[in-house]
Amino acid sequence: MKVSIAENNAVITHDPLPTIYGDENLMVELFQNLIYNAIKYRSHETPQIHISSKKEQNQYIFSVKDNGIGIDPKHLERIFTIFQRLHGNDEYEGTGIGLSIAQKIIERHNGRIWVESQLGKGTTFYFTIPINE
């Protein structure tokens, strides 16, 4: 991802993040998918991606927020369906499996994932990971 981050001058920031219990490789893949999408669906501005979390009851709620092109609210539910693409390959390359994989990773860790977005204003993906102390 270093090449994609550098080529797009992406700025990735984060708040202090907790230690979680889970499959390390899957967690890396999850963050790579979400960060990659934030860079891929960038606006004309420099991609700004911010990762944060908060503890709520027996889980952590993570957020990955960007300043990209955003998603029309009518499409928010279908973006997690495998091979569902909102754009043609002539606009953005891809297979339409990244967010489906992200959802499977979160479900495997007994969490949930959802998205909030506005066209032209960016997107925030949220997901939960149970606290296992």
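Structure note, pairs 2/104; 55/104; 40/121: Cα-Cα distances above 18 angstrom occur for 2/104; 55/104.
Within the full protein context, the accessible area of residue 125 is estimated at about 10 Å² for a probe radius of 1.4 Å. Straight-distance candidates among the lysines for linking to residue 54, with alpha-carbon spacing under 21 Å and chain neighbours fewer than 8 residues away dropped: 65.
Note on surface exposure: 41, 21 rank 21, 41 by accessible area, highest first, 1.4 Å probe. Kirkwood analysis of region 3-81, using all unique Cα-Cα pairs, places the hydrodynamic radius at 14.0 Å. Applied to region 53-69, the Karplus parametrisation 6.51 cos²θ - 1.76 cosθ + 1.60 on θ = phi - 60° returns per-residue 3J(HN,Hα) values of 8, 9, 8, 9, 6, 9, 8, 9, 10, 9, 9, 10, 10, 10, 10, x, 6 Hz, with x for Gly and Pro. The slack in the chain from residue 114 to residue 44, taken as 0.36 nm per residue of separation less the alpha-carbon distance, amounts to 22.7 nm. The listed residues 14, 50, 44, once ranked by accessible area (1.4 Å probe) with the largest placed first, stand as 44, 14, 50.
The values are calculated or read from the model by the stated rules, or taken from the named source; none is laboratory data. The model shown is predicted, which means the values in this text are computed figures rather than measured ones. Only protein heavy atoms, including side chains, enter the accessible area calculation; ligands, DNA and RNA are left aside. Shrake-Rupley method; radii C 1.70, N 1.55, O 1.52, S 1.80 Å.
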